[in-house]
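Taken together, the values in this text are just the output of simple stated rules run on the coordinates, not laboratory data. No experiment lies behind these values; they were computed from the predicted model shown. Cβ placement follows ideal geometry from the backbone for every residue including glycine, while neighbour counts extend to all protein chains displayed.
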Amino acid sequence: MTPGRPGPAVSAPAPDTADQATKDAMSNATTVSPAHSASTASTLITNIASLVTNDPSLGDGSPLGLIQDAAIAIEGDRVVWTGDQSKAPATDNRVDAGGRGVIPGFVDSHSHLVFAGDRTQEFNARMSGRPYSAGGIRTTVAATRAASDGELAANLTRYLHEALRQGTTTFETKSGYGLTVEDEARALRIAAAHTDEVTYLGAHIVSPDFADDPASYVALVTGEMLDACAPYARWIDVFCEKGAFDGDQARAILTAGKAKGLHPRVHANQLSYGPGVQLAVELDAASADHCTHLTDADVDALASGRTVATLLPGAEFSTRAEWPDARRLLDAGATVALSTDCNPGSSFTSSVPFCVALAVRDMGMTPDEAVWSATAGGAAALRRDDIGRLTPGARADLLLLDAPSHVHLAYRPGVPLVSGVWRRGVREV
Ligand code: NIG
Ligand code: FE
C-alpha cells in the first residue's frame, strides 16, 4: 500500500512504493531480496527468546505469530528473513539479543504534537475534581499561535525523540491548535517534515474568533483553510462532540476533505454518546478514535466495517474518565488500535508502553492483544501494510526489549523496557 499522498518536500524518506520486489516480499516467500537494491550490509539479530511477528502463519499460529528462539535478518530498510535461529541465513553482521524479546516498532496512529505551552494548571484542577472539557483546547490555541515556527518545530522534535526512545517508529500527528488558515497550514507543514501521516484538524473546536458564528467557521474549514492545508496532509479529522462539532457539521467537514483527496478519521464518542462512530463507519474513515461511550449499535457498526476503533487510554487516565471497553469491541470482532493521543491537554504522554499497560490493567485486553493493537492495530488505523509486522518485505522497524517477552510491557508498568530501536533498518536507540 502506498501510505502517503504526493505533497510538499519532507525530510523523511518518501512513502514506500509497492514496487515489485516489495510485492514479492509480501507473498509467502521466507527469504527475499531487499526492496531497495542500494541497500547496505545485512544484519542478523539472533538469540531472541521470543519474537512477535504479527503474522499468524508463523510460529505459534496466534495473531502475534510468536516465534521462540528466533532470529531476524534485515537488509537495507527491510526485513528479509524471520524464523528459528538454527535456520538463520548468513549475514554480514550479527547482533546477539541475549535471550530478550523483539517486537515490531510501535505505530502511534493518533497524536497532537504541533503545539506550544502546557496545561499544568488545568491538569492540577482536574486532579482536584474539575471535569475535562473541550474548551481547554483554547489555551493551547493561544500559545501555539504566539509561537514561532522554530519553537513549534523544536517542540515537535523533542516529543518525537521522547517517543522514539520508548519505541515509537511511526507516528501520525495533527494540526488543530492554530484554527486560522495560516496557523493550520504552518502546523501541517512543520509536521510533514517529520512524518507522512499528517492529519488536518482545523475542526478541533470552533475557533474563538468565530465563537458567535460557528457556521462561518465550518465554511472556512471546508473552504479556504482546506485548500491551504490539503497539500500537506493525508488525513482529515474532526472532533465530533458536544462543545466542538455536531454530526451534521462533522459530515460536511469530512465530505469536503474527501472531495479534496484527504481520507477521514474521526475523534468520536470521547466525552459522551453521539453520532461520531456511526459517521466514521459510514464514511469509511480509517479510524474512529477514543470510542469511550459506545452504544451496542456503535459496536456493531465498528465490528461490521473496516474502520478501526482506536483507543487512547492516556486520555482517560489524565482526565480521570471512564475507560473505553476494549473487551466489548474485541469480543464483537472490531479491530482495535492503541495510541497515545499525546497532547498537552487530555493526554500528555508519548509512551505507548504506558498505554499498553493501562489497556491490559483497566480495559480488558490481554498483553498479546494490547501489543498487537499498538503495532499491527496502529498500522491498520493508518491503512498501512508495510509496518506493524516483522515478516519478509516489511519495513525493518523493531524493538529489542530489556525483557524476555512482550508480556513484560504490561507486567512491568512504568519500567523503561525498550533497550534498542531499529527504524528503517538503522539502529537509532
Ligand atoms: O484527543 N478530543 C479532542 N482533542 C484532544 C484533546 C485536545 C486538548 O485537550 O488539547 C484529544 O483528547
Ligand atoms: Fe486526539
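Per-residue extension of 0.36 nm, minus the Cα-Cα distance of ALA125 and TRP323, leaves a gain of 69.3 nm for this segment.
The stretch between ASP296 and LYS260 holds 9.7 nm of extra length on full extension. This uses 0.36 nm per residue minus the Cα-Cα distance.
Can you give me the angle between helix 352-362 and the longest principal axis of the chain, using Cα atoms only, in degrees from 0 to 90, rounded to the nearest 10? Approximately 80 degrees, to the nearest 10. Taking the C-alpha atoms only, the angle from helix 137-146 to the longest principal axis of the chain is near 80 degrees. Relative to the longest principal axis of the Cα atoms of the chain, the long axis of helix 149-165 lies at roughly 40 degrees.
Candidates MET225, ALA288, THR157 compared by Cα position along the dipole of the chain: farthest toward the positive end lies THR157, with charges placed on Cβ. Taking a ≥ b ≥ c as the square roots of the eigenvalues of the Cα gyration tensor, the chain is prolate, since a/c reaches 1.5 or more and a/b is larger than b/c.
Here the spin labels are modelled as points 7 Å beyond Cα on the Cα-Cβ line, and at ALA219 and THR40 they lie 5.5 nm apart. Extension gain for the segment ASP69 to GLU182, taken as residue separation times 0.36 nm less the Cα-Cα distance, is 35.3 nm to one decimal. Normalised by the number of residues in the chain, the mean separation of alpha-carbon contacts (under 8 Å, six or more apart) gives a relative contact order of 20 percent. Beta bridges from DSSP with both residues in region 107-381: antiparallel share about 5 percent, rounded to the nearest 5. When the trypsin sites (Lys or Arg not before Pro) in region 282-366 are filtered for DSSP coil states and for at most 14 other beta-carbon atoms within 10 Å of their beta-carbon, the remaining sites are ARG306, ARG320.
Projecting the Cα atoms of ASN93, ALA381, GLY243 onto the charge dipole of the chain, computed from C-beta unit charges around the Cα centre, puts ASN93 farthest toward the positive end.
Between ALA146 and ASP118, the simple spin-label model (points 7 angstrom out along Cα→Cβ) gives 1.7 nm.
Within a straight-line Cα-Cα reach of under 18 Å, LYS242 can be paired with the following aspartates and glutamates, leaving aside sequence neighbours fewer than 8 residues apart in one chain: ASP212, ASP213, ASP289, ASP298, GLU316, GLU322.
Sparse packing (at most 16 other Cβ atoms within 10 Å of the Cβ) combined with a DSSP loop state is found for the following trypsin sites (Lys or Arg not before Pro) in region 192-274: LYS242, LYS260. Only Lys, Arg, Asp and Glu carry charge here, each on its Cβ (+1 for the first two, -1 for the last two); on that basis region 107-381 has a dipole of about 420 debye about its Cα centre.
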